[in-house]
Amino acid sequence: MKIKDSIDIQAIGSLLMYYESDLRYIRNFQQFKKGKISSKDYCEKEQGTFYSFLIEYRVTRNFEKNMVHSLLDITKDWIGTTSADKVDEFAIRLNDARLTHGKIMTVMASKILFLNKPWKILPMDAFSKGAVGQTNNSYHTYQSNIAQVRKTINPIIKNKLSKVELYLKLVENIYDGDLKDLQAIRENRFIDKVLWTLGKSEKTFFKDYK
């Protein structure tokens with residue numbers, strides 16, 4: 001079996017495993033933005049909440065204990081500005097607010113802003129950075145790397161995902177009407193899983209997948 005085929009199989013498996021919970025997190029954040037979920041409820045340790053998202057995406061150690069409400073408040077203010085998509089700047093804002101142990105937590109910032117615009121922002125972590133050969137924590141650099149990844153994957157992504165189209169549609173039907181750009185979200189989640197799988201296997205996209 002070719003490396004690319006093995007990575008695809010693992011990435012699709014991971015996509016199917018987490019797709020429903022990812023869409024639930026995204027949908028709930030969108031509802032929170034619209035005032036349909038209160039800050040108090042959204043910070044509870046319950047299924048689909050902001051707090052549960054931070055736990056599942058393994059970033060709770062990145063911010064000060066018992067500061068989930070403050071983190072959510074700053075996030076809500078940030079996404080209402082013209083800088084809403086600027087991950088690097090958001091990471092600096094969180095540090096300036098003394099939430100992140102005096103460090104610039106760009107990985108955490110990318111994961112949070114991913115909830116706001118999942119059709120545009122891919123979360124960044126150590127594995128996905130490694131997959132594109134990136135050594136710094138700049139999200140701006142990561143976006144440039146992702147743009148190069150897209151040039152390879154975009155022409156073939158629909159064919160790759162067509163093999164599990166039925167199952168993806170079953171999940172998406174749950175959230176149809178609540179979320180926009182589901183096609184873009186689906187494809188972004190697959191790209192994210194491909195990079196995560198490559199990075200975890202200590203392989204790189206441009207050498208082992210492209």
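Throughout, read-outs are computed from the coordinates displayed, never taken from laboratory work. From a predicted model like this one, the values you see are computed outputs, not experimental measurements. Methodologically, a virtual Cβ is constructed for each residue, glycine included, from the backbone with ideal geometry; neighbour enumeration extends over all protein chains shown.
A few remarks follow.
- Cross-link reach is defined here as a Cα-Cα straight distance under 16 Å, omitting same-chain residues fewer than 8 places apart; for residue 193 the aspartates and glutamates meeting it are 5, 8, 20, 22, 56, 125, 202, 208.
- Two-decimal ratio, segment 89-132, of alpha-carbon radius of gyration to 2.2 N^0.38 Å: 1.20
- Quick note on segment 1-120: its Rg to Rh ratio, both from C-alpha atoms and Rh being the Kirkwood radius, is 1.02.
- Mean residue ellipticity, 222 nm, helices only, the chain: the sum of -39500 (n - 2.57) across DSSP H runs of n ≥ 4, divided by residue count and rounded to 500, is -20500 deg cm²/dmol.
- Rounded to 10°, Cα long-axis angle of helix 3-33 versus longest principal axis of the chain: 30 degrees
- Entries in 36/103; 111/207; 45/111; 120/169; 86/158; 86/120 that, when Cα-Cα distance is taken, lie over 23 Å: 36/103; 111/207; 86/158
- Applying 1/(1 + (r/R0)^6) with R0 = 22 Å to the Cβ-Cβ distance of residue 156 and residue 208 gives a FRET efficiency near 0.85.
- Computed as a quarter of the hull surface, the mean projected area of the alpha carbon convex hull for segment 25-77 stands at 3.4 nm².
- For the chain, the Cα gyration tensor yields ellipsoid semi-axes of 28, 21, 14 Å (square root of five times each eigenvalue, largest first, whole Å).
- Once the Cα atoms are used to define both axes, helix 139-162 deviates from the longest principal axis of the chain by about 50 degrees.
- Computed on segment 98-186, the Cα convex hull volume stands at 123 Å³ per residue.
- On Cα atoms only, tilt of 87-96 relative to the major axis of the chain in degrees: 30 degrees
- Rg/Rh for segment 150-210, where both radii come from Cα atoms and Rh is the Kirkwood radius: 1.03
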